[in-house]
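Trainee: This is the structure I have questions about; it appears just below.
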Amino acid sequence: MDAKETTWQEPEKESTKTFEAIKAKLTQNKVKFDVTEHKAVRTCEEAAQVRKVTVDSGAKAMLIKDSGKKLAKENVPYYLAVMSASKRFSNKAFKKMINCKNIKFASEEECYKITGCLTGAVPPFGSVFSVPVWVDRSLSKEKEINFNAGLRTHSISMSYEDYFKVEAPTFHVFTEEEITLGDLPVEAAKGGD
């Protein structure tokens, strides 16, 4: 861990830039969505509780850093992994999927620099901050999804179908539970692109 990472101080006030960008993107695409304001939440469990929804419907977005000596994809140091908040991320499957030797979760400071969001507030819209998005099959099982929309105090609820149409993420399998179920997409069965 860098000295920078250990001394980084989280800003006292969150930026609304990402929240406004997501609202504009959804409105521009004529997507129905609801915004809920609530107390600040950091975890998926806290978020589900204040939203009065299941943890399964939470769209958990994690910023993943390619930490290899050479990037797996030129000029792509970060990826956004989106999955049902109730599932467990498979580091091994994600590495294989993007053909990368080493990955790690972005630090709080990296997360803020790349997304403009504090951890716990990163939305499943990597297109807003030019980061490629991969969505796990687990989230596609939810008719409605919920997520913090760039702020720990604001959530958006919308249909998964509309999310997929607007964001156009790469669909794959990278949660332990979905891998166990089998019936992997052709690309996953082959080990990636």
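The values are calculated or read from the model by the stated rules, or taken from the named source; none is laboratory data. All of these numbers come straight from a predicted model, not from anything done at the bench. Backbone-built Cβ (ideal geometry, glycine too); neighbour counts: all protein chains shown. Side chains are part of the model used for accessible areas, which takes the heavy atoms of the whole protein and leaves out ligands, DNA and RNA. Shrake-Rupley method; radii C 1.70, N 1.55, O 1.52, S 1.80 Å.
Trainee: In segment 87-193, which trypsin sites (Lys or Arg not before Pro) are in a loop and have at most 15 other Cβ atoms within 10 Å, using DSSP for the loop call? Before the final figure, lay out each step's value.
Mentor: Values: sites: Lys87, Arg88, Lys92, Lys95, Lys96, Lys101, Lys104, Lys113, Arg137, Lys141, Lys143, Arg152, Lys165, Lys190; in loops: Lys87, Arg88, Lys101, Lys141, Lys143, Arg152.
Here the sparse-neighbourhood loop sites are Arg88, Lys101, Lys141, Lys143.
Trainee: OK, next. Name the residue from Ser159, Ser140, Val128 whose Cα lies farthest towards the positive end of the charge dipole of segment 75-168, charges +1 on Cβ of Lys and Arg and -1 on Cβ of Asp and Glu.
Mentor: It is Ser140.
Trainee: Here's something else I'd like to know. If you keep only loop residues by DSSP, which trypsin sites (Lys or Arg not before Pro) in segment 9-84 have at most 11 other Cβ atoms within 10 Å of their Cβ?
Mentor: Within segment 9-84, the qualifying trypsin sites (Lys or Arg not before Pro) (loop, at most 11 other Cβ atoms within 10 Å) are Lys13, Lys30, Lys32, Lys39, Lys52, Lys69, Lys70.
Trainee: Of all GluC sites (Glu not before Pro) in segment 1-79, which ones are in loop regions per DSSP and have a Cβ with at most 11 other Cβ atoms within 10 Å? Before the final figure, lay out the partial values.
Mentor: On the way: sites: Glu5, Glu12, Glu14, Glu20, Glu37, Glu45, Glu46, Glu74; in loops: Glu12, Glu14, Glu74.
Within segment 1-79, the qualifying GluC sites (Glu not before Pro) (loop, at most 11 other Cβ atoms within 10 Å) are Glu12, Glu74.
Trainee: Additional query: Could you size up the charge dipole of segment 72-193 around its Cα centre, putting +1 on the beta carbon of Lys and Arg and -1 on that of Asp and Glu, and report it in debye to the nearest 20?
Mentor: For segment 72-193, the charge dipole is close to 320 debye.
Trainee: Still on this structure, I have one more. What does the net charge come to around Phe33 if you take all other residues with beta carbon closer than 11 Å to its beta carbon, with K and R at +1 and D and E at -1?
Mentor: Its environment carries a net charge of +1.
Trainee: Where the accessible area of segment 64-120 is counted over protein heavy atoms with a 1.4 Å probe, how much of it, in %, is carbon and sulfur?
Mentor: Carbon and sulfur: 48 percent of the exposed surface of segment 64-120.
Trainee: In Å², and per residue, what accessible area does the chain have when probed at 1.4 Å with the other protein chains present?
Mentor: Ligands and nucleic acids excluded, the result is 54 Å² per residue.
Trainee: Specify which residue in the list Leu80, Cys44, Gly58 is farthest towards the positive end of the charge dipole of segment 36-100, using unit charges on the beta carbon of Lys, Arg (+1) and Asp, Glu (-1), about the Cα centre.
Mentor: The residue sitting most towards the positive pole is Leu80.
Trainee: Then there is this: How much length is gained if the chain between Phe164 and Leu71 is pulled fully straight, taking 0.36 nm per residue apart and subtracting their Cα-Cα distance, in nm to one decimal?
Mentor: Length gained, Phe164 through Leu71: 30.8 nm.
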